[in-house]
Every structure is written in structure tokens, then in C-alpha cells.
Amino acid sequence: MKRSAAEIVREYGPFAGVEAVHGVTYDGKHVWFASGDKLNAIDPADGKIARSIDIAAHAGTAFDGRHLFQIAEDRIQKIDAATGKVLGTIPSPGGGGDSGLAWAEGSLWVGQYRERKIHQVDPETGKVLRTIESKRFVTGVTWVDGELWHGTWENEESDVRRIDPETGKVLEQLDLPAGTMVSGLESDGGDRFFCGGGDRGNVRAVRRPRRS
Amino acid sequence: MESLITAAARALEAGDPLGALNRVALRNDAPSLALRGIAMAQLGDLAKAKSLLRSAARAFGPREAVARARCVVAEAEIALVSRDLSWPVKTLAAARATLDRHGDLANAAHAGHIEARRLLLLGRVDEAEHALAELITSPLPPASQVVRELVIAGIAIRRLRTKDARAALDRAARAARLAGIPALAAEVESANLVLDTPAARLIARGEEHPLLLGQVEALGASSALVVDMFHHTVRMGGIVVSLGTRPVLFALARSLAQAWPADVSREALMAAAFRARHVDESHRARLRVEIGRLRAKLKPLAGVSATKQGFSLTPRKTRDVVVLARPVEEKHATVLALLSDGEPWSSSALALALATSARTVQRALEELARSNKVQSFGHGRARRWMTPPVPGFPTGLLLPGPFLKT
């Protein structure tokens, strides 16, 4: 297992009226983050909020290319990214104990915080297809280049870790500075992760290590 | 973050405990137990709240030190509100240190405010002020600011600094509006009432006037000789003669002050001081002794001169003698007078000070407790009695919402 300190490239926020960041995703242009009763889109170039959708947003956020997915209470809402309209709802696998959310390979991947699990879920029916066990509380989930990464928060410490999607074994780990929380995770498809900063109300860009 | 926990915590923060319960009522994981505990506390079921918070603290593992510490702080606040003043303060201090260390400054400050409120309740005003000064105050969420200003107002009221109290309550009202929690706004409102309700009665030259707290304060700065029924003292300028443990002397001083500049007959004095129905020679002898004692005590402030039919007060360096009394004469005024020093008293100490039986004091205390004029904490021999330091304050449960964010 490779372990190193996370390299924080940039910090966005805090933003006016945002008490906490509960989930993060990226649509190729904007970084979206969930702040309780809103989904906000920031332009990663200037760090300003470009757009907001008024919608319950209590945990993980994901994007499938056209739709935003947002966990609210004990369900996952499918939202038209253009209009902000809710197109459908499925129950969340953790019944409200859900945390991170990611889209990959036609499935939703949902972190279940205290159960330390990641569920692969059918986005149409909400059916759990399989479950991966983690060693730590799961706070955010993302897929990039066939790698499964998730954020953790336990013992007042956070890290971003790559795990084997079959066995749950930790392959690589990036430690964030003490007291820095990861409350949502998304890759930009390149060499950056966007990490929600929990009740600090900010978003951090963290460098993804290059494969040698 | 966890979805339903976030939703429930947001509901609590917005002053909607039922909304919070709706979301976590059937869950028994640690954060749900804690949120349920706080919601129950806000709904007034303190016993249930306490047991839920205890289970939550246990359910949070040792690796979740901050969450655990928050439960301890919430339990301490419940203890404070239920006037369980024997609750271990060391546990609270340890929780505050944990929160401080992990950068949860808002909840660390909340823990400090609870400690200051407890000291204020115990009448340890200096220590309360000291505890408050130690806290890091910015930036505090509005709900915490309200609590802080209420404590500052409470200290100012206890010190009879009404201007400071009013300024603090104005700041509290502003913060309460920002917080948007109705219970907090109501708390500030009721604290404000203290300043606008007659706090005392002034008896001078046979006439009575109600006094607001601010006027009581002004009286302290005046040159009048004041017989103070609240503190069982006789004072003028900076000189204070305490008669708290000498009820007979105090009764004589009060009778003389009330009649001033006229004199008071021996019979009237004996009736007031000894509550004697039939006066005999032994009472007359005792009166002479007690007047002698009073004369010695009051020497720096006033003389006590014999007149044809009794005695009269001859104040030095002032042309004004007043009695500062409670707004309503109490049946158990003497017990209340002793308790209003803000210190916790045992009933046996009260009996000793009042020269009466422990049983009589017990009966008086129980009667006063029924009308909420006194309160007790502890059990058996350790039981102590006191008056609420300032009427109606601090009584509410002020648990803030942002308690369980992570």
C-alpha cells in the first residue's frame, strides 16, 4: 500500500450562506456541491458560485453526463442538470445512513457512512447489486480510470484512498492534514480530486498521484 | 456526511425538534441517539434526553472523541437546567478541552458558557465573569452569542449594573433574531422583563414606592442610610454592616429605620424583634441588651438614642434613612433574606442563623419551593437551598443546533 500526504492544490470558499458541504461532483465544467438546501455550481477557474438549484441536498452528489444525482434524507433524487427539475427518486441503500455518491459504468455507488460500506446500486430501481466493505467511515466515493477512490473521516482524521473494488483492500492512501475533513469526493477525470470540506464549508482540489 | 443525520441536525438548528425526531426516531446508531437526546431536551423531557445522550456517548467509540465530548456538553446543560448542580464539572472541563483541541470552537465556547451559567447560579459571580473572559468568542454562531450575552446580563444584574445589563440584553436580542430560534428570543424577552418589573420597595418616612432595578442601583450610589431587606445589611456609601446572622438586631434596625425620624416604642420594638405577645420584665432586659449590641454594630453609620418611650435612629452624615424591601412582604421573608445572598445554604445553617428549629425552616423551605421562590440541589445532608439569582434567568435549555454536524 502506498501512503503519502495529500497535496492540496487549491481551496474554494468558504461561500456566503454555506455552513457545510455534504457532497461534491463535477460535470466537466462546473464543480457541484450540496449545501443542505441547495446544489451549487462553482467555476473551478474563478472559484465563484455560477448557479444554484434549490433542492434538499443532505449528502452525496453525482453526475452521469446529463443528470445530477443527489441524496436527500433517505432517498436519491435524479435531477435534470439543465432545469433543476426532479425527474425521479429511488430509495437510498443505507436508508438515510448514506454518505458519498458516485456514477460509473451505468451504476450508482453509494457510501454508507457508519457501516463502512460502499453499495453498487441500479440507478433505475435502487436495487443493491453488490457491496464492498471498507475499513473506515465512508464519506465520499468516486471512480476514475477504473480506480475506485473514497474519502474517510474517523478519529478526527480524513484521507482519500484507492481500494480494490473486489476485495476492499486499500491500495493507496492520501492523508489530509489533521482536522481537515473530506465530506464528498469527485475526480475531474484528470489529475485532480475535488474534496468537500465538511462544516468548514469549503471545497479543496487535491492532486491525484500519477501512475508510473 | 450522513444524509438523514444532516437533515435532522438542520431541523434542530432551525428550532424544529419534531422535524428532527421524524427523521431519526427509529434509529439507534450513535449520532441518531444524540440527536434524539437533544430533540427530547428541547421538548422538555429531560430525563429521557439525559439517558439518550448517555447511550450516544457510549455508542460513539473512543475514536470519535469530538462527538463524545459534544454529548457530554449536552448532558451538562441538561444537568444545569434541572438544577443538578452536583453534576461533575471536571467531566465538562475535559470535554471542553477536547473540543478546543480539535478546533470545534463553537461547542467549546458553549461548554464554557454552561460552566459560567452554573457559577452564576451558585452566586459565584466573580468566577463566572472569569470563566467567561477565558473563552475565545469570535466567531460564534448567533445562538451561542445569545447565551453569552445572557450570562453577561445575568452577571451585570447581580452586580446591579443595569446599564451593562441592558446593553447585553440588546445584543442578545439582535443575535436571537439572527439565530431565528423562537425559544431563544423568548428567553431574552423574559430576561428583559427583570429590568422593567419593580424589583424592590422603598419605605421612607412612612411612605412606600416601587423601585425598578435601575433605581435600586441609583440608591446604592446615594448618600442615604439603607436598611437592606435583601441582604440583611445596613449600609451607607461604601460602609456595609451585615446583620445576616443576627435577625433580632436586623428587625430592630428595620423598625427604627421605618419610623425615622420619629422614635419607636419599646413595646413595638419588642413585638417586632421577639415576636412576644405578652411583654414581661425579662423582655425589657433583653431589649436593653440587644439595643446595646445594635448600637455597637451600627457605630460607623448611626447612633441609637433613647427617647421618652423608646428609641430612635440618629444617622451620621446623612439626612436620609430608607428601608429597601422586597416588592411583596413574604411570610418567610427572613428565610428568603438569608438565601438572597445567592449562596447555597443547608437547612441546618438557616435554622442556626434564624435561631429557630430545623423543622420550622424545613417547612418554610418546602412552602417556598412550591411557589418556586427557592430551589434545592443535592440530597440528604448534602442538600442545599438557594433563591434563583435573577427571576426567570437562566431557565431555558439553550442547546444549539450545530451540535452534531460531522
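The values are calculated or read from the model by the stated rules, or taken from the named source; none is laboratory data. Computed from a predicted structure; not experimentally measured. For neighbour counting, all protein chains shown are included, and Cβ atoms are generated from backbone atoms with ideal geometry for every residue, glycine included. Each accessible area value is taken on the protein alone, full model and side chains, heavy atoms only, with ligands, DNA and RNA left out. Shrake-Rupley method; radii C 1.70, N 1.55, O 1.52, S 1.80 Å.
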Once Lys and Arg are counted +1 and Asp and Glu -1 for all other residues with Cβ under 13 Å from that of residue B:18, the total becomes 0
Which angle from 0 to 90°, rounded to the nearest 10, does the C-alpha axis of helix B:105-121 make with the longest principal axis of chain B?
20 degrees
Rg/Rh ratio calculated on Cα atoms of chain B (Kirkwood radius):
1.08
I need the shape label for region A:90-155. Rule: rounded when a/c is under 1.5, else prolate if a/b > b/c, else oblate, with a, b, c from the alpha carbon gyration tensor.
oblate
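Using the crude model of +1 on Lys and Arg Cβ and -1 on Asp and Glu Cβ, and no other charge, please compute the dipole size for chain A relative to its Cα centre, in debye to 20.
320 debye
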Per-residue mean of other chain beta-carbon atoms within 10 angstrom of the beta-carbon, peptide B:4-15?
5
Skipping prolines and chain starts, which residues have an amide H placed within reach, meaning under 5 Å, of the one on residue A:179, given they are 5 or more residues away or on another chain?
A:158
Can you pull the one-decimal nm distance between simple spin-label points at residue A:10 and residue B:25, each 7 Å off the Cα toward Cβ?
4.7 nm
The protein assembly as shown - charge dipole about Cα centre, Lys and Arg +1 at Cβ, Asp and Glu -1, debye rounded to 20:
2840 debye
To the nearest 0.05, the calculated FRET efficiency linking residue A:45 and residue A:89 through their beta-carbon distance, R0 being 25 Å, is 0.15
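Peptide A:93-104: average number of partner chain Cβ atoms within 10 Å per residue?
What the average comes to for A:93-104 is 3.
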By the scheme Lys and Arg +1, Asp and Glu -1, what is the net charge of all other residues having a beta-carbon under 10 Å from that of residue B:111?
-2
Which cross-chain or sequence-distant (5 or more) residues have an amide H under 5 Å from the amide H of residue A:55, H modelled 1.01 Å from N in plane?
A:38, A:39
Let a ≥ b ≥ c be the square roots of the eigenvalues of the Cα gyration tensor of region B:340-385; is it rounded (a/c under 1.5), or, if not, prolate (a/b larger than b/c) or oblate?
rounded
Go through B:50/B:90; A:48/A:85; A:85/A:135 and tell me which ones have a Cα-Cα distance over 27 Å in this structure.
A:85/A:135
Pseudo-spin-label distance residue B:284 to residue B:102, built 7 Å along Cα→Cβ, given in nm, is 7.8 nm
Considering only B:236, B:185, B:202, whose Cα is most displaced toward the positive end of the charge dipole of region B:173-289, charges sitting on Cβ of Lys, Arg (+1) and Asp, Glu (-1)?
B:236
Between residue B:207 and residue B:164, the two model label points (7 Å from Cα along the beta-carbon direction) sit apart by a distance in nm of 3.3 nm
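If you take the square roots of the eigenvalues of the alpha-carbon gyration tensor of region B:91-177 and sort them as a ≥ b ≥ c, do you get rounded (a/c under 1.5), prolate (a/b over b/c) or oblate? Each step should come with its number before you reach the end.
On the way: a/c = 2.67, a/b = 1.35, b/c = 1.97.
Taking the square roots of the gyration eigenvalues as a ≥ b ≥ c, region B:91-177 is oblate.
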Going 7 Å from the Cα of residue B:316 along its beta-carbon direction, which residues of region B:201-243 have the amide nitrogen within less than 12 Å of the resulting point?
B:239
Hey, what number do you get for the protein assembly as shown at 222 nm if only DSSP H runs of n ≥ 4 count, each worth -39500 (n - 2.57), divided across all residues, to the nearest 500?
-11500 deg cm²/dmol
I'd like the Kirkwood hydrodynamic radius of region B:153-215, using the inverse of the mean 1/r over distinct C-alpha pairs, in Å.
12.7 Å
Setting aside same-chain residues fewer than 8 positions from residue A:169, which aspartates and glutamates have a Cα under 14 Å from its Cα?
A:133, A:147
FRET efficiency, residue A:105 to residue A:37 (Cβ-Cβ, R0 35 Å, nearest 0.05)
0.65
Give me the three principal axis extents of the protein assembly as shown from the C-alpha atoms, as integers in angstrom, largest value leading.
111, 46, 41
Leaving out ligands, DNA and RNA, calculate the buried accessible area for the pair B and A with a 1.4 Å probe, summed over both sides, in Å² to the nearest 100.
2100 Å²
How far, in nm, would the chain grow between residue B:245 and residue B:48 when pulled straight, counting 0.36 nm per residue and subtracting the alpha carbon separation?
66.7 nm
Report for the protein assembly as shown the percent antiparallel among DSSP-assigned beta bridges with both residues inside it, nearest 5.
95 percent
By the mean-Cβ-within-10 Å protection proxy, highest first, B:29-36, B:354-361, A:71-78, A:176-183 rank as B:29-36, A:71-78, A:176-183, B:354-361
Can you give me the Kirkwood hydrodynamic radius for chain A, using every pair of distinct Cα atoms, in Å to one decimal?
16.4 Å
